Amino acid sequence: MTPDSTPVIKGPFPPPESGDPGGTPAAGLGGDAVILHLTGPHRGSRQHLTEARALVGTAREAVVHFPVGADPAVGARHAVLVRGDGGWSVLEVDGQVYLNSADVPGLQGRETLVPGDILEIGTGGPVIRFVMQTANPPPYKSMKEAWRDCVDCARHGRGGLVRRFALFLGTLPGELLTRTSPRTRAVVGGAFAVLLVTAGALVAYGLRLESRIDAEEARSARVAEALAGLVGLAETDPELRGLVAELQEALTGRIEALEEMS
């Protein structure tokens, strides 16, 4: 299979199902197995697994194919997804696969995948979700599903808290504006527009306030300079000395007020 024939289908995700490996002996059976790309070069796409074995990697014959050089964590024949009597399982070949953000690779003692499982292809590599597509899946994600996918993408990704938070913020707008229903997109788009307008107004107000403070500080500096020139004259005139003291006190209060505003 060539990269051009890799079945990467752009479009909305089907909703992932939850499952209990202890109470579902064949959780990976029934319906079509689907791989949802949460991160990586195919982020936002899905693949139907139509064969009993699906190679994952950068090799030309890979079904879950990643371009060579797109992510150094992915090997040529990284792993194989295999459909057996009990469901789907993952066999590591040239690389490692992390299940549900585990610290060590492998299925953690499990023999099969459960719908909703998160797989990280290599350390810090692309993150995909394994699901079983039910009949007549909804064409769009709900806001809850889009939010959950972004949270899972950030939570199961590698890196520190700042990097994960940045990943969450980077993926959420795209998910809400491209993977949800038109009505939801309109609501979210309107909310983002209001947020941008509000942020723009606050920035403009801050710039005007800063300009005003700069002008007031310049004016206060000129007044302080003039008062400094009157100090010598005020030494011989008690009335002028009192006036200068009052002006200096008022100027000090003005400067303190400007410092609080800034």
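The values are calculated or read from the model by the stated rules, or taken from the named source; none is laboratory data. In this text, all values refer to a predicted model and were calculated from it rather than measured experimentally. Here the Cβ is made from the backbone with ideal geometry for all residues, glycine too, and neighbour counts use every protein chain on show.
General observations
- Test: residue in the range 91-106 that is touching a residue at least 24 places away in the same chain (Cβ under 8 Å), under 22 Å from Ala52 (Cβ atoms), assigned by TED's automatic domain parsing to the domain that holds Val63 and within 25 Å of the chain's Cα centre (by Cα): yes
- Being within 26 Å of the chain's Cα centre (by Cα), more than 26 Å from Ala154 (Cβ to Cβ) and without any contact (Cβ under 8 Å) to a residue 12 or more places away in the chain is a condition met by at least one residue of the range 67-77.
- Annotation: of all residues in the range 41-55 being outside any loop (DSSP other than H, G, I, E, B) and either within 25 Å of the chain's Cα centre (by Cα) or not hydrophobic (A, V, I, L, M, F, W, C) (or both), the one that is farthest from Gln133 (Cα to Cα) is Arg53.
- Applying a threshold of 8 Å to beta carbon distances and a minimum spacing of six or more residues, or different chains, the list of pairs starting in the range 198-219 at a residue that is in a helix (DSSP H, G or I) and ending at one that is not hydrophobic (A, V, I, L, M, F, W, C) reads Glu210/Ser262; Ile213/Ser262; Glu216/Arg254.
- Any strands (runs of 3 or more DSSP E) falling wholly within the range 59-174 and containing at least 1 residues that are touching an Asp or Glu at 6+ places or on another chain (Cβ under 7 Å) and hydrophobic (A, V, I, L, M, F, W, C): 79-84, 97-99, 118-121, 127-133
- Per-region count, the range 78-88, residues in contact (Cβ under 8 Å) with a residue 60 or more places away in the chain and surrounded by 15 or more Cβ atoms within 10 Å (Cβ to Cβ): 2
- Residue in the range 95-137 that is modelled with the highest pLDDT, counting only those that are loosely packed, with under 15 Cβ neighbours inside 10 Å and of a type in the set (Asp, Glu): Glu111
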